[in-house]
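For reference, the structure is listed below as structure tokens.
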Amino acid sequence: MVLVLLLLTGRPAHAQRSAEDAVAEALDAFGISVGRETIGLYTATSARGFSPVQADNLRIDGLYFDQVSSSATPPVRIIRSEAVHVGIAAQGYLFPAPTGVVDYHLRTPGDAGVLSALIGNATYGEDYGEFDFQAPVVHDALSMGGGVGYTRNNAYDFARQSVEWTGGWIARWRPTGSLVITPFWGLTNHKEYGEKTGDAFIGSDGYPRYRQVSTQSEPWAYWTAIYDTFGAAARWSFSNDWLLAAGVFRSLVYSQGNTLPLLLDVNAAGQGEFAVLQQPPNSSGSTSGEVRLSRSFLAGPLHNTLYLRLTGRDSSIESGGLQTPDLGPASVSAIPPVVRPVFQFPPNTDVHVHQLTPGIAYAGLWPDVGQLTLSAQKVSYHRTVMAPDTAVSSDSSSPGLFNVAAAAFLTRPLVAYGSYTRGFEEIGIAPLIAVNRYLPVPAQETSQVDGGIRYQLLPKLQLVAGVFEIDKPYFNLDLNDVFRLVGKTSNRGAEFSVTGDVTDRLNVVLGWVQIDPRVQYQRGAVAGPANVVAIGPIPGYMSSYLQYHPAGLPGVILGATIQTTSSRYAVYPNINLPAVTTLGFDVHYKTKMFGNNATFWFESYNLTDAYALTPSASGQLTSLDARRYELSLVVDL
């Protein structure tokens, strides 16, 4: 209930960028990003073994948002922070989802004028600069903000050179004391030149040792994308007990056609077959939003709120691309010299999705006793596939969904919680090596049950411990390399979080998750056993961040990061990757420059130069970066 009220107030965000601190703002260890800093167990693309972005479980200031692709994240020019909500934190969302909810919090301008400038440099030639502002235009009625950012070589793992520009504008308009309207627009223009053979796919003969940053590039290969996000949110409170919240958002992506060098069937020696994938120019977009009406009332000690809600989306996703035959043997360190292939592309495949979901919910809070949330939704989903040389095909679904969540305040420091959720989630798109590459597959019914406790260890230190099980239909490559429904998957696990202040000088964000990811294949869908361990989800992961404020060094904050990843399969049951632990260290120094607040931040990553690979379900490998350093300065002018 408290979280819901905070989400609906539309209050201005913190203004000064020199004060941004993910550790100080973390309520748990389940994932938060503030500005350029990300900490915690989970992210928008990985939570409990699945991807909230892929599942279409996003919010903008609590309102439903359909992001057109996982890489189309709105820029920090308009988004101050994002947080992953699972377990007891997800109970603050009236219509949760099995894969968890990720909420983008807008960089809403306040009533004070602020200018912030940030510059930075990192290993592998990465440089960046950002400029943000907010300013009152009409006192207590209209404020505006915005900014621009430039980064060079932030895609060092994938290209010899890259350039990224970001821009954004946002306003907060209060025509009356009870109505707040927040329009915004954000743009990211990303370009890569000299694409590397970072897209490597494991074979059946061991795993290679390599760093993606050191792989060879093709000088004629490039990758570009323009991401556009704009919309508006409004909140109107009336008659004391009523609140109307609404938002409409547009997410767009355009590519002029990308080239991806591939290394297929890579063995333990780092050798494989070289091929090139070329995408034609394409564009995709989605319009989405939500209208929510609520009324609050008291009944004795009970605080009650009823909600009516309607969400919708209308999306068009283009896909296509052609791959060359094998162009000869290659390795992670050497690829054959080839001329740029010439392709004759057929028309793109276009997938249209229309979805409307009305819902009703109840939230009740009995102070010091417990809380209860009930919700029901009815989905109207229609999907149309228009592919070249193929008849138009359509499919529809109209499942009923519901959620039951409860928490009991057993003692003042101890709360027990539990929930059951049925969802209707997107599964994602076909991987780039599939015959039907990049094709979005139909949304599917999913479910989750979870439960646990929250315990206040110290006045400012909190423990959360829980268990969960998530069940979904399973899509992957079949025997003909077609990405389709091939079985069902279940992720059972336990997660722990300890977050807050151990002392006035020591802050911690400690998290651990253990998952048993299983797949039950349909008969004849794949070769090999039918009951297997799912590839992709990490079975065990620990993330620890400690922050210390030395008494004798005013303005200095020392930080240490320890991350441990368990062993995991790259190919089940033949190739198992070893566990790995990485160490990091950072120093914040908060000071004054020309009378203005300023923060220097030195960061180091993977100090022991540990080696690790992360596999995806399709066999694509991602290597851990080598030892890396970064230094930045932000000044509030």
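The values are calculated or read from the model by the stated rules, or taken from the named source; none is laboratory data. Small disclaimer: the values here were computed from a predicted structure and weren't measured. In this analysis, Cβ positions are derived from the backbone assuming ideal geometry, glycine residues included, and neighbour counts consider all displayed protein chains. To get the accessible areas, we keep the full protein, side chains included, count just its heavy atoms, and leave off ligands, DNA and RNA. Shrake-Rupley method; radii C 1.70, N 1.55, O 1.52, S 1.80 Å.
Table for the structure above
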item: Complete set of residues in region 100-125 that are hydroxyl-bearing (Ser, Thr, Tyr), free of Cβ contacts under 8 Å to residues at least 60 places away in the same chain and either touching a helix residue (DSSP H, G or I) at 6+ places or on another chain (Cβ under 8 Å) or over 30 Å from ASN57 (Cβ atoms) (or both); result: none
item: Residues of region 269-295 that turn out to be open to solvent by 50 Å² or more (accessible area, probe 1.4 Å) and more than 26 Å from the chain's Cα centre (by Cα), as a count; result: 5
item: Among (1) farther than 30 Å from SER251 by Cα; (2) among the polar types (S, T, N, Q); (3) open to solvent by 60 Å² or more (accessible area, probe 1.4 Å) - the single one GLN344 does not satisfy; result: (1)
item: Of all residues making up region 184-202, the number that are among the β-branched types (Val, Ile, Thr), in a strand (DSSP E or B) and more than 19 Å from the chain's Cα centre (by Cα); result: 1
item: Number of the exception - VAL248 against (1) over 30 Å from GLN371 (Cα atoms); (2) open to solvent by less than 70 Å² (accessible area, probe 1.4 Å); result: (2)
item: Whichever residue in region 593-637 is outside any loop (DSSP other than H, G, I, E, B) and of a type in the set (A, V, I, L, M) and, among such residues, is farthest from LYS488 (Cα to Cα); result: MET593
item: Residue check for ASN403: of a type in the set (S, T, N, Q), in contact (Cβ under 8 Å) with a residue 60 or more places away in the chain, more than 22 Å from ASN57 (Cα to Cα) and open to solvent by less than 40 Å² (accessible area, probe 1.4 Å); result: no
item: Filter result for ILE562 (outside any loop (DSSP other than H, G, I, E, B), more than 24 Å from the chain's Cα centre (by Cα) and without any contact (Cβ under 8 Å) to a residue 60 or more places away in the chain); result: no
item: Qualifying position, being among the acidic types (Asp, Glu), under 30 Å from GLY198 (Cβ atoms) and touching a strand residue (DSSP E or B) at 6+ places or on another chain (Cβ under 8 Å), among ASP609, ASP586, ASP636; result: ASP586
item: Members of region 116-172 found to be of a type in the set (Val, Ile, Thr) and under 20 Å from GLU218 (Cβ atoms), listed by number; result: VAL163
item: Strands (runs of 3 or more DSSP E) contained in region 453-536 and holding at least 1 residues of a type in the set (Lys, Arg); result: 461-477, 483-501, 506-521
item: Number of positions in region 488-514 that are in contact with a strand residue (DSSP E or B) (Cβ under 8 Å, 6 or more places away or on another chain), without any contact (Cβ under 8 Å) to a residue 40 or more places away in the chain and more than 18 Å from TYR42 (Cβ to Cβ); result: 2
item: Close pairs from region 127-155: first more than 13 Å from TRP165 (Cβ to Cβ) and in contact (Cβ under 8 Å) with a residue 12 or more places away in the chain, partner among the basic types (Lys, Arg) and surrounded by 20 or more Cβ atoms within 10 Å (Cβ to Cβ), Cβ under 6 Å, at least 6 apart; result: SER143/ARG172
item: Within region 55-97, considering residues that are small (Gly, Ala, Ser) and in a strand (DSSP E or B), the one nearest to ILE170 (Cα to Cα); result: SER81
item: Criterion violated by SER217 - all others in (1) among the small types (Gly, Ala, Ser); (2) surrounded by fewer than 21 Cβ atoms within 10 Å (Cβ to Cβ); (3) more than 27 Å from SER623 (Cα to Cα) satisfied; result: (3)
item: Identity of the residue in region 118-153, under 17 Å from PHE600 (Cβ atoms) and in contact with a Gly (Cβ under 6 Å, 6 or more places away or on another chain), that ends up most open to solvent (accessible area, probe 1.4 Å); result: ILE119
item: Condition check for TYR381: part of a strand (DSSP E or B) and closer than 30 Å to PRO459 by Cα; result: no
item: Single condition HIS588 does not satisfy, out of (1) part of a strand (DSSP E or B); (2) more than 30 Å from GLU469 (Cα to Cα); (3) open to solvent by 40 Å² or more (accessible area, probe 1.4 Å); result: (3)
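Each row is one residue, and each column tells you yes or no for (1) hydrophobic (A, V, I, L, M, F, W, C); (2) touching a Phe, Trp or Tyr at 6+ places or on another chain (Cβ under 6 Å); (3) farther than 30 Å from LEU485 by Cβ.
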position	(1), (2), (3)
VAL532	yes, yes, no
ILE562	yes, no, yes
VAL580	yes, no, yes
LYS590	no, no, yes
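Residue by residue, here is whether (1) surrounded by 15 or more Cβ atoms within 10 Å (Cβ to Cβ); (2) closer than 20 Å to SER284 by Cβ; (3) among the β-branched types (Val, Ile, Thr) holds:
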residue	(1), (2), (3)
PRO336	no, no, no
ARG340	no, no, no
GLN371	yes, no, no
THR384	yes, yes, yes
SER393	no, yes, no
